[in-house]
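Data block below; observations after.
The values are calculated or read from the model by the stated rules, or taken from the named source; none is laboratory data. Given the structure is predicted, the values throughout are model-derived calculations rather than measurements. Note: ideal-geometry Cβ built from the backbone for every residue, glycine included; neighbour counts use all protein chains shown.
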Amino acid sequence: MSQPLILSGFERAPRFATLAGTAVFIALMLFPMLALLPEGYPLAISTYTLTLVGKILCYAVVAIALDLVWGYAGLLSLGHGLFFALGGYAMGMYLMREAAGQGLPPFMSFLSWNQLPWFWTGTEYFAWTLCLIILAPGLLAFIFGYFSFRSKIKGVYFSIMTQALTYAAMLLFFRNETGFGGNNGFTGFTTLLGFSVTATRTRVGLFMATVLLLAASLVIGFALARSKFGRVLTAIRDAENRLVFCGYDPKGFKLFVWTLSAILCGLAGALYVPLVGIINPSEMSPTNSIEAAIWVALGGRGTLIGPLLGAGIVNGAKSWFTVAMPEYWQLFLGLMFIVVTLLLPQGVIGLLRKRRG
Amino acid sequence: MNANDASDELLTQTYPADVWRRQSDPVLSLEKINVSFDGFRALTDLSMQIGVGELRCVIGPNGAGKTTLMDVITGKTHPQSGRAIYDQQTDLTRMNPIQIAQAGIGRKFQKPTVFEALTTFENLELALKTKKTVWACLRNKLDSEQRDRIDDMLDTLRLSHERHRAAGLLSHGQKQFLEIGMLLVQEPHLLLLDEPAAGMTDAETAYTAELFRSLAGKHSLMVVEHDMGFVETIADYVTVLHQGQVLAEGSLKEVQANEHVIDVYLGR
């Protein structure tokens, strides 16, 4: 039902929508430059703020990716944190190798291993790391999706399976023997492509890369939503049986959007790790994935812009609350979710539509 | 055999001489179909044929197996034994619903099922006969011929003024029409219609009857219906199902005069 909203927005005022989008994009691209201004300058922002906003933008990409599968195809994933973390781990492997130089990453020396496990092969090359960032979440999503869509697993059963998947992966990554640093994960990064990860300049670059990724996900998302493919996804969500008797095979459509969504999450995770400087298995914990679903629901699913706003609102509120009154944050998050569910069934984006209607 | 080839042209064709025959060559031939669900026998040794270009009505009391019959033809249910030969050479019992739909069998559900979030136009666009692979849908743009086809269908369905309205907001009767339209733009050779006139006003029912009469000949139709008035208007040939078996076949008059049928319907 909400799909026509954005589409009609574009149809009614295509110039305005494009212009507003471009303006926001340029503003976001210029925003990190403020961090390069000397301290004390009125517009200057701290590296902390820059990192925080960068983190939120990474989450926004996850929200858009989740909206593609949940809002359009009706597949509620409670395991998208896994794909995010996998992308992050792939990037982390490269950063660890950069930090360790010729030797082994420190956690391996602690375990008195004397050589790298086979899956670390080639991680010292950035190009291969890029491939891994796409392949690891993409392949896992493809295999998982292939089997679950073939067995026609739907609705809540699908959600539970994704939740179980991310939980299982978390337990696996907690083990030291798995070769990913156990419960400490990866940290102590020094350089990325030769640039110091803590330097403000590197952060500015990472921030811009995140903005580009976000813009790309939005463009891809809108292109999909406006194509016949998007309408087929909506049809799968609403009446899959009818679609089968129209001669479509829903499996392929679901698998495509599912894998694409996982890859977007992986890319977001890969940009997130150098920003925050750590990745550990708690990123795979089920609560993270559920929180992502809350962003989408709060923003308004099936709108792409809504989830982006949702991720911004929830995480913005979170960083403010956890500083101001940390003990009430969870309570507030729950409250926010209840209020939106009761009063704004179409999410925050529904407010805009109401005013227009 | 490629499913796409099959949908373009039927092997079974009507010939002018067929007018003089009682039944034309069968587009669908069911042979001793058996279906049971946990011991309950929904269909027992059911055999029947539907001629090409024929409009066949299937009637029967509740639980007679009418919907199960449609499920078997469309591949939703696989029979324990028996064959369903479509177009004289394809065995439907070995195919899945997607292949069957692509081979040219369209189905309308008992409860009108349309894609509620999409507009009337988009509903027809999705159903339209084209390539339906993921890749094709990613690149697909409607050409003017296809647009005309959808516009014509909207006219036929009397839904032109509702073209940009979400299908979920249509009235029950309009949804029924839309679903029939979705079947038609699929250009199937055989249409299976489960209670197409249910919930329609009298005027709508009359129009549906007219529509179906005009389709017969070009397509083959199998209509399951409870409304005897409707059946009387459209059908030349009626099959009565009872407890998963064919009880009687013939014109509506013959069938209504049949002793067994009277027994079943009046419970004597």
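Quick check: anything in region B:110-119 more than 11 Å from chain A (Cβ to nearest Cβ), in contact with an Asp or Glu (Cβ under 7 Å, 6 or more places away or on another chain) and surrounded by fewer than 21 Cβ atoms within 10 Å (Cβ to Cβ)? I'd like the intermediate steps shown before the answer.
So the first thing to find is which residues in region B:110-119 are more than 11 Å from chain A (Cβ to nearest Cβ), and the list is B:110.
Imposing the further condition that a residue be in contact with an Asp or Glu (Cβ under 7 Å, 6 or more places away or on another chain) reduces the set to B:110.
Then keep just the ones that are surrounded by fewer than 21 Cβ atoms within 10 Å (Cβ to Cβ); that gives B:110.
Within region B:110-119, one or more residues are more than 11 Å from chain A (Cβ to nearest Cβ), in contact with an Asp or Glu (Cβ under 7 Å, 6 or more places away or on another chain) and surrounded by fewer than 21 Cβ atoms within 10 Å (Cβ to Cβ).
Check off (1) farther than 30 Å from residue B:97 by Cα; (2) basic (Lys, Arg); (3) modelled with pLDDT under 90 for residue A:175 and give me the number that stays unchecked.
The failed condition is (3).
Assuming residue A:277 fulfils every condition listed in (1) within 17 Å of residue A:93 (Cβ to Cβ); (2) buried (at least 22 other Cβ atoms within 10 Å of the Cβ) apart from one, which condition is it?
Every condition holds for residue A:277 apart from (2).
Output the residues belonging to region B:49-81 that are in a strand (DSSP E or B), farther than 11 Å from residue B:27 by Cβ and either in contact with a helix residue (DSSP H, G or I) (Cβ under 6 Å, 6 or more places away or on another chain) or modelled with pLDDT under 90 (or both). Steps first, answer last, please.
Residues of region B:49-81 that are in a strand (DSSP E or B), as a first pass: B:49-51, B:55-59, B:81.
Those left that are additionally farther than 11 Å from residue B:27 by Cβ: B:55, B:57-59, B:81.
Listed by number, the residues that qualify are B:55, B:57, B:58, B:59.
Name the residues in region A:36-80 that are within 19 Å of residue A:316 (Cα to Cα), among the small types (Gly, Ala, Ser) and in a helix (DSSP H, G or I), would you?
A:54, A:60, A:63
Would you say residue A:109 is in contact with a Phe, Trp or Tyr (Cβ under 8 Å, 6 or more places away or on another chain) and small (Gly, Ala, Ser)?
Taking the combined requirement at face value, the residue does not satisfy it.
In region B:161-177, how many residues are crowded, with 20+ Cβ neighbours inside 10 Å, within 12 Å of chain A (Cβ to nearest Cβ) and farther than 16 Å from residue B:205 by Cβ?
The total comes to 1.
Starting from region B:38-58, take each residue that is of a type in the set (S, T, N, Q) and list its partners that are assigned to a loop (DSSP other than H, G, I, E, B), counting only C-beta distances under 8 angstrom and pairs at least six apart or across chains.
So the pair list comes out as B:44/B:243; B:44/B:244; B:49/B:23.
Counting only residues that are surrounded by fewer than 24 Cβ atoms within 10 Å (Cβ to Cβ) and aliphatic (A, V, I, L, M), how many does region A:280-292 have?
Initially, region A:280-292 is screened for residues surrounded by fewer than 24 Cβ atoms within 10 Å (Cβ to Cβ), giving A:280-282, A:285-288, A:290-291.
Next, from what is left, pick out any that are aliphatic (A, V, I, L, M): A:290.
Of the residues in that region, 1 qualify.
Residues that are touching a Lys or Arg at 6+ places or on another chain (Cβ under 9 Å) and touching a residue at least 24 places away in the same chain (Cβ under 8 Å): list the strands (runs of 3 or more DSSP E) wholly contained in region B:173-268 that include at least 3 such residues.
On the way: elements: B:190-194, B:220-224, B:237-242, B:245-250.
The qualifying strands (runs of 3 or more DSSP E) are B:190-194, B:220-224, B:237-242.
Given the condition of a type in the set (Ser, Thr, Tyr) and more than 23 Å from the chain's Cα centre (by Cα), answer yes or no: does some residue in region B:120-129 qualify? Talk me through it step by step, then tell me what you get.
Of region B:120-129, the ones of a type in the set (Ser, Thr, Tyr) are B:120.
Add one more test, that the residue is more than 23 Å from the chain's Cα centre (by Cα), and what stays is none.
Within region B:120-129 (the criterion being of a type in the set (Ser, Thr, Tyr) and more than 23 Å from the chain's Cα centre (by Cα)), the answer is no, since none of the residues qualifies.
Report whether or not residue B:198 is modelled with pLDDT of 85 or more, of a type in the set (A, V, I, L, M, F, W, C) and over 24 Å from residue B:25 (Cα atoms). Even if it seems obvious, please write down each step before you answer.
Numbers: modelled with pLDDT of 85 or more: no; of a type in the set (A, V, I, L, M, F, W, C): yes; over 24 Å from residue B:25 (Cα atoms): yes.
So residue B:198 does not fit the description; no.
Outside any helix (DSSP H, G or I), within 9 Å of chain A (Cβ to nearest Cβ), among the hydroxyl-bearing types (Ser, Thr, Tyr) and touching a helix residue (DSSP H, G or I) at 6+ places or on another chain (Cβ under 6 Å) - does that describe any residue in region B:86-102? Don't jump to the end; show me each part of the working.
Keep residues of region B:86-102 that are outside any helix (DSSP H, G or I), which gives B:86-91, B:95-96.
Filter again for within 9 Å of chain A (Cβ to nearest Cβ), leaving B:96.
So of that shortlist, the ones also among the hydroxyl-bearing types (Ser, Thr, Tyr) come out as none.
Within region B:86-102, none of the residues are outside any helix (DSSP H, G or I), within 9 Å of chain A (Cβ to nearest Cβ), among the hydroxyl-bearing types (Ser, Thr, Tyr) and touching a helix residue (DSSP H, G or I) at 6+ places or on another chain (Cβ under 6 Å).
How many residues does region B:59-71 contain that are within 16 Å of the chain's Cα centre (by Cα) and in contact (Cβ under 8 Å) with a residue 40 or more places away in the chain?
Just the residues of region B:59-71 that are within 16 Å of the chain's Cα centre (by Cα), to begin with: B:59, B:65-71.
Checking the rest, the ones that are also in contact (Cβ under 8 Å) with a residue 40 or more places away in the chain come to B:59, B:65-70.
So the count comes out to 7.
Criterion first (assigned to a helix (DSSP H, G or I), touching a residue at least 60 places away in the same chain (Cβ under 8 Å) and out of contact with any strand residue (DSSP E or B) (no Cβ under 8 Å at 6 or more places or on another chain)) does residue A:143 satisfy it? Give the derivation first.
Working: assigned to a helix (DSSP H, G or I): yes; touching a residue at least 60 places away in the same chain (Cβ under 8 Å): no; out of contact with any strand residue (DSSP E or B) (no Cβ under 8 Å at 6 or more places or on another chain): yes.
No; evaluated as a whole, the condition is false for this residue.
Can you tell me how many residues within region B:127-140 are surrounded by fewer than 17 Cβ atoms within 10 Å (Cβ to Cβ) and either facing another protein chain (nearest Cβ under 8 Å) or in a helix (DSSP H, G or I) (or both)?
Of the residues in region B:127-140, 5 are surrounded by fewer than 17 Cβ atoms within 10 Å (Cβ to Cβ) and either facing another protein chain (nearest Cβ under 8 Å) or in a helix (DSSP H, G or I) (or both).
Which condition number in (1) within 14 Å of chain B (Cβ to nearest Cβ); (2) farther than 30 Å from residue B:106 by Cβ; (3) touching a residue at least 12 places away in the same chain (Cβ under 8 Å); (4) hydrophobic (A, V, I, L, M, F, W, C) is the one that residue A:218 fails?
In the conditions (1) within 14 Å of chain B (Cβ to nearest Cβ); (2) farther than 30 Å from residue B:106 by Cβ; (3) touching a residue at least 12 places away in the same chain (Cβ under 8 Å); (4) hydrophobic (A, V, I, L, M, F, W, C), residue A:218 misses (1) alone.
Specify the residue that is farthest from the chain's Cα centre (by Cα); the eligible residues are those in region A:227-251 that are more than 8 Å from every other protein chain (Cβ to nearest Cβ) and either within 17 Å of residue A:155 (Cα to Cα) or at pLDDT below 90 (or both). Break it down stepwise before answering.
Of all residues in region A:227-251, those more than 8 Å from every other protein chain (Cβ to nearest Cβ) come to A:230, A:233, A:236, A:240, A:250-251.
With the extra rule that they be either within 17 Å of residue A:155 (Cα to Cα) or at pLDDT below 90 (or both), the set shrinks to A:233, A:236, A:240, A:250-251.
Values: A:233: 21, A:236: 23, A:240: 27, A:250: 25, A:251: 23 Å.
The selected residue is A:240.
Please go through region B:94-109 and give me each residue that is surrounded by fewer than 18 Cβ atoms within 10 Å (Cβ to Cβ) and either within 18 Å of the chain's Cα centre (by Cα) or among the hydrophobic types (A, V, I, L, M, F, W, C) (or both), ordered by number. Don't jump to the end; show me each part of the working.
Here is the first cut: in region B:94-109, the ones surrounded by fewer than 18 Cβ atoms within 10 Å (Cβ to Cβ) are B:94, B:96, B:99.
Passing the criteria: B:96, B:99.
For region B:103-126, what are the residues that are closer than 20 Å to residue B:174 by Cα and assigned to a loop (DSSP other than H, G, I, E, B)? Break it down into steps so the answer makes sense when it comes.
At the first step, the residues of region B:103-126 found to be closer than 20 Å to residue B:174 by Cα are B:106-126.
If the condition is that a residue be closer than 20 Å to residue B:174 by Cα and assigned to a loop (DSSP other than H, G, I, E, B), then B:109, B:110, B:111, B:112, B:113, B:114, B:115, B:116, B:117, B:118 are the ones that fit.
Give the residue that is farthest from residue A:184 (Cα to Cα), with candidates limited to residues of region A:105-127 that are crowded, with 19+ Cβ neighbours inside 10 Å and among the hydrophobic types (A, V, I, L, M, F, W, C). Even if it seems obvious, please write down each step before you answer.
Our first condition is that a residue be crowded, with 19+ Cβ neighbours inside 10 Å; within region A:105-127, this holds for A:105, A:107-108, A:123.
Narrowing the set further to residues that are among the hydrophobic types (A, V, I, L, M, F, W, C) leaves A:107-108.
On the way: A:107: 9, A:108: 12 Å.
Checked region A:105-127; the qualifying residue farthest from residue A:184 (Cα to Cα) is A:108.
All but one of (1) buried (at least 17 other Cβ atoms within 10 Å of the Cβ); (2) away from every other protein chain (no Cβ under 13 Å) hold for residue B:158; state the number of the condition that does not hold.
(1)
Consider residue B:203 against the criteria (1) more than 21 Å from the chain's Cα centre (by Cα); (2) closer than 28 Å to residue B:76 by Cα: it satisfies all of them except one. Which criterion is unmet?
Residue B:203 satisfies every listed condition except (2).
For region A:252-281, what are the residues that are hydrophobic (A, V, I, L, M, F, W, C), in contact with a strand residue (DSSP E or B) (Cβ under 9 Å, 6 or more places away or on another chain) and either at the interface with chain B (Cβ under 7 Å from one of its Cβ atoms) or in a helix (DSSP H, G or I) (or both)? Break it down into steps so the answer makes sense when it comes.
Kept after step one, since they are hydrophobic (A, V, I, L, M, F, W, C), are these residues of region A:252-281: A:253, A:255-258, A:260, A:262-265, A:267-268, A:270-271, A:273, A:275-276, A:278-279.
Next, from what is left, pick out any that are in contact with a strand residue (DSSP E or B) (Cβ under 9 Å, 6 or more places away or on another chain): A:273, A:278-279.
Answer for region A:252-281, where residues must be hydrophobic (A, V, I, L, M, F, W, C), in contact with a strand residue (DSSP E or B) (Cβ under 9 Å, 6 or more places away or on another chain) and either at the interface with chain B (Cβ under 7 Å from one of its Cβ atoms) or in a helix (DSSP H, G or I) (or both): just A:273.
Mind telling me which of the residues A:158, A:189, A:149 ends up being outside any helix (DSSP H, G or I) and in contact (Cβ under 8 Å) with a residue 60 or more places away in the chain?
None of the others qualify; the one that does is A:189.
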